[in-house]
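Below: the structure, in structure tokens.
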Amino acid sequence: MDTNRRGFLGAMGRVTIGAAASMAGAGQSAQAATDQPHIPHWGMVVDLRKCIGCQACTVACIMENDVPEDSFRTHVSVYEVLKEGGDPAMVMLPRLCNHCDDPPCVPVCPVEATFKLETGEVVVDNTKCVGCAYCVQACPYDARFINHETQTADKCTFCFHRTSAGLLPACVETCVGGARNFGDLNDPESEVSRMLRENEVSVLRPEMHTNPNVYYIGLDAVLDGRVAGEAAYRPPLTVEPEPHGLAAEPQPHGEDA
Amino acid sequence: MQIHELVGAVHEAAWLPWAVQYFFLIALSATALLMALPGLALGRVAALPRARLALMVAVTTGITAPIALLADLHQPGRFWEFFLYTNSSSWMAWGAWFVPSYVGLTVAFAWAVHRPGLYALGQEDWRFNWLFRWLSLGGASNGFARPLGIAAGAAALLVLIYTGAEVYVVRARPLWNTPFLPLQFAATGFVGALGLMLVLERVLCREPALEARLNRALAAALGVVAVLGAAWFALALSGLSPRHSEALASVAGFPVWQKIALWGAVSVAVPFVLALVSPSRTGWVTGLIAIHAAWMFRWTVFMGGQAVPKVGSGLYDALLPAGLDGLMGVIGTFGLWLFLLIAYTTFIPWTEASAPADGAAPARPATSH
Ligand code: SF4
Ligand code: SF4
Ligand code: SF4
């Protein structure tokens, strides 16, 4: 089932042949000859050239996962980038948990409530989480938050409940431009593996050595860390006079509270 | 190159002002306990007046601190899981063992030190003697006070190490991830504890000699804080330590942070000068500013640190408390501390506390009742 929504629709015929051959297990066919059971390693490749910043993924994730108000498991940051001598360009950057292979959020948890699954997803057992928020501090991507309805740590699960049922994650399923691609990085035949082979890809904050499983095609290096730009949200304490003597124009507020 | 963020998510602080209170109170308690040991465990008679105030601070803040910590958990009812599923790679998990041990040992040490006094009150003919007979557990011997004090001192060191390390290891927050942070927590802990002892001295003792001694100790602690702060800046500006440089870079451009740095420098320099110039008349002022400096340092590190986005631009709101809800933690813990202080000064003959006599022999001959 590694694909984006368009590819997924195209593959419907193949996939629906038998309900027993779950999509999540589609990668197994390639390995059927070997005795070792194939364990997928889920990953996402985001093709920024195709993202139109529509936030359909943001909304789909909220609806699918019952994300409370003012919190996001994923959202699309939108930047206006003006390079010397160039025209201003709009750049979209979908953000979500990177399901890091070396996740700093996991070792800090005092009660082992957050852990990495064999298939790569980093998840939280919210029946065990004490809500200490140490993991929220430790994630270098601001990908975690305290869910005030459950009072426990919350984050993207790569839609574990959907992938276990052979479905694509909600944000991938709904991606209008086909920018979000999801699949098995352990399967060299998968679409995401092919994309990684054929494109130059980067990850966010490589200096943190977290080994993310979310890759980006076409990510400008000025946006891969803490973005040094003018913020959409400016709390009262930090309002500064405009450097160029221009009147401060109100910034369009996106999803910021 | 110019970048404008047009759409971005805002993240609220996940550690609330309760956490600031916890780190403030536990640092005061642990450092005060260490200052109580020379007089009350090691038998240095000259250090007794200071040690009595130090023990008062250690016990009252030490009992309040874990309550603030519990309140910072979003699932406080699950605190028992800390002891069931200790994750050895987490400093917080270790802290869950260190803190109760520390508080337990400190309370036991204080009880042992005061036992002869409690026992004596139980022997007098007055209305509440039954209470003190009960509090002294019917005896006056306290030879075990010294080992208890030394064990509490060791636990206090563990508390200082774990509280520093727990915050320091968070690489995702450059402002926290500097090797100096644990030392700065400890040094400002001494500043806050001495500040509180000075204020208590003014309220309860009014001995100019003691005031002067405390002020000199405060000046020394402030000197250490100033040296650490200057070294922090030097490392950051020179680029010798990339971590320090990154920490400075994460906040340097914001006027509010420049004001905070200036404020911090002033609240170290003013009490330092006053304490040196006029040690026996300035206890109120130096004490209050010192408490403020220790508290402000933690507020800035925790709330200010959480106001720095990890991937987004600008700053988030955390620096200012979000309404009364945020402040309730601060007000509530101070209220509880005040209550404990009143109880301590009312029920405990703290002015008579002294080091136990050598060996297991009772400090005062135990009389039968
Ligand atoms: S992105 Fe953050 S929350 Fe997700 S695995 Fe990595 S460190 Fe953990
Ligand atoms: S908030 Fe929950 S998952 Fe995160 S570190 Fe604390 S107990 Fe673990
Ligand atoms: S994979 Fe699921 S949980 Fe994660 S961002 Fe997408 S929709 Fe949200």
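The values are calculated or read from the model by the stated rules, or taken from the named source; none is laboratory data. Predicted model, so just to flag it, every value in this text is computed and none were measured. When we count neighbours, we look across all protein chains shown, and the Cβ atoms used for this are built from the backbone with ideal geometry, even at glycine. Accessible surface is based on the protein model in full, side chains and every heavy atom, while ligands, DNA and RNA are left aside. Shrake-Rupley method; radii C 1.70, N 1.55, O 1.52, S 1.80 Å.
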Fill in: Amide hydrogen neighbours beyond the local backbone of A:GLU230, cut-off 5 Å, H modeled
B:ILE3, B:HIS4, B:GLU5
Discussion item. Only sites in a loop by DSSP and with at most 14 other Cβ atoms within 10 Å count here; which GluC sites (Glu not before Pro) in the stretch A:80-114 make the cut?
Written reply: A:GLU84
Worksheet entry | Distance between the stretch A:141-194 and the stretch B:34-111 - C-alpha centres, whole angstrom | 43
Worksheet entry | Accessible surface buried upon A-B contact (total; probe 1.4 Å; Å², nearest 100) | 5500
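Helix-only mean residue ellipticity at 222 nm, chain B, DSSP H runs n ≥ 4 weighted -39,500 (n - 2.57), per residue, nearest 500. What is it?
Working: 12 runs with 243 residues, N = 369.
That calculation yields -22500 deg cm²/dmol at 222 nm.
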Worksheet, complete the sentence: Of the listed pairs A:LYS128/B:LYS259; A:LYS50/A:LYS155; A:LYS83/A:LYS155; A:LYS50/A:LYS128; A:LYS50/B:LYS259; A:LYS116/B:LYS259, those with alpha carbons more than 32 Å apart are A:LYS128/B:LYS259; A:LYS83/A:LYS155; A:LYS50/A:LYS128; A:LYS50/B:LYS259; A:LYS116/B:LYS259
Discussion item. Once you place label points 7 Å from the Cα toward the Cβ at B:GLN258 and B:TRP80, how far apart are they in nm?
Written reply: 5.5
Discussion item. If I build a Gaussian network model for chain B, linking alpha-carbon pairs within less than 10 angstrom, which residue out of B:PRO100, B:PRO38, B:PRO76 has the largest mean-square fluctuation?
Written reply: B:PRO76
Discussion item. Given an 8 Å cut-off on Cα distances and at least 6 residues of separation, report the relative contact order of chain B as a percent.
Written reply: 27
Discussion item. Just the number please: accessible area per residue for the stretch B:177-309, 1.4 Å probe, all protein chains included, in Å².
Written reply: 40
Discussion item. Can you give me the % of accessible surface on the protein assembly as shown that is carbon or sulfur? Probe 1.4 Å, all protein chains present, nothing else counted.
Written reply: 65
Worksheet item: So which chymotrypsin sites (Phe, Trp or Tyr not before Pro) in the stretch B:9-95 pass both tests, a DSSP loop state and at most 15 other Cβ atoms within 10 Å of the Cβ?
Response: B:TRP80, B:TYR85
Worksheet item: How much length, in nm to one decimal, is gained on full extension between B:VAL277 and B:ALA343, taken as 0.36 nm per residue of separation minus their Cα-Cα distance?
Response: 20.2 nm
Worksheet, complete the sentence: Computed over the stretch B:5-52, the relative contact order (Cα-Cα under 8 Å, seq sep at least six) in percent reads 23
Item to complete: Using Cα centres only, tell me the gap between the stretch B:253-289 and the stretch B:331-345 in whole Å.
Response: 26
Item to complete: Take A:HIS99, A:HIS41, A:HIS209 and sort them by solvent-accessible surface of the protein heavy atoms, 1.4 Å probe, largest at the top.
Response: A:HIS209, A:HIS41, A:HIS99
Worksheet item: Considering amide H positions built from the backbone, and no H for Pro or chain starts, which residues 5 or more places from A:VAL214, or on another chain, come under 5 Å of its amide H?
Response: A:MET44
Practice prompt. Take every Cα pair under 8 Å in the stretch B:177-309 that's 6+ residues apart, average their separations, divide by the length, and report that relative contact order as a whole percent.
Written response: 38
Item to complete: Report the longest stretch of chain B that contains none of the trypsin sites (Lys or Arg not before Pro) sitting in a DSSP loop with at most 15 other Cβ atoms within 10 Å.
Response: B:282-369
Practice prompt. May I ask you to list, by number, the DSSP H helices of chain B whose Cα span along the axis is at least 24 Å and whose average Kyte-Doolittle hydropathy reaches 0.0 or more?
Written response: B:17-40, B:48-72, B:91-123, B:145-168, B:181-200, B:208-238, B:255-277, B:323-347
Fill in: chymotrypsin sites (Phe, Trp or Tyr not before Pro) within the stretch B:143-204: DSSP coil, no more than 15 neighbouring Cβ in 10 Å
B:PHE144
Fill in: Separation between Cα centres of the stretch B:218-248 and the stretch A:35-97, rounded to whole Å
39
Practice prompt. List every residue whose amide H lies under 5 Å from the amide H of A:CYS97, counting only residues 5 or more places away in sequence or on a different chain, with H placed 1.01 Å from N in the peptide plane.
Written response: A:CYS156
Practice prompt. Keeping every protein chain in place, order B:LEU183, A:LEU168 by accessible area at 1.4 Å, biggest value first, i.e. largest first.
Written response: B:LEU183, A:LEU168
Worksheet item: From the backbone phi of the stretch A:117-132, what are the Karplus-calculated ³J(HN,Hα) couplings (6.51 cos²θ - 1.76 cosθ + 1.60, θ = phi - 60°) in whole Hz, Gly and Pro given as x?
Response: 6, 4, 8, x, 6, 9, 10, 10, 8, 7, 8, 10, 4, 8, x, 7
Worksheet item: Given the options B:ALA165, B:ALA353, B:ALA343, which has the most mean-square fluctuation in a GNM of chain B, springs set between C-alpha atoms less than 10 angstrom apart?
Response: B:ALA343
Item to complete: Between B:ALA186, B:ALA27, B:ALA217, find the one with the highest GNM mean-square fluctuation for chain B; connect C-alpha pairs within less than 10 Å.
Response: B:ALA217
Discussion item. Per residue of the stretch A:52-60, what does 6.51 cos²θ - 1.76 cosθ + 1.60 with θ = phi - 60° give for ³J(HN,Hα)? Whole Hz please, x for Gly and Pro, Karplus curve as stated.
Written reply: 9, x, 7, 6, 4, 5, 4, 5, 4
Worksheet item: To the nearest 10 Å², what's A:ASP66's accessible area with a 1.4 Å probe?
Response: 110
Worksheet item: What average number of partner chain Cβ atoms lie no more than 10 Å from the Cβ of the residues making up A:118-129?
Response: 1
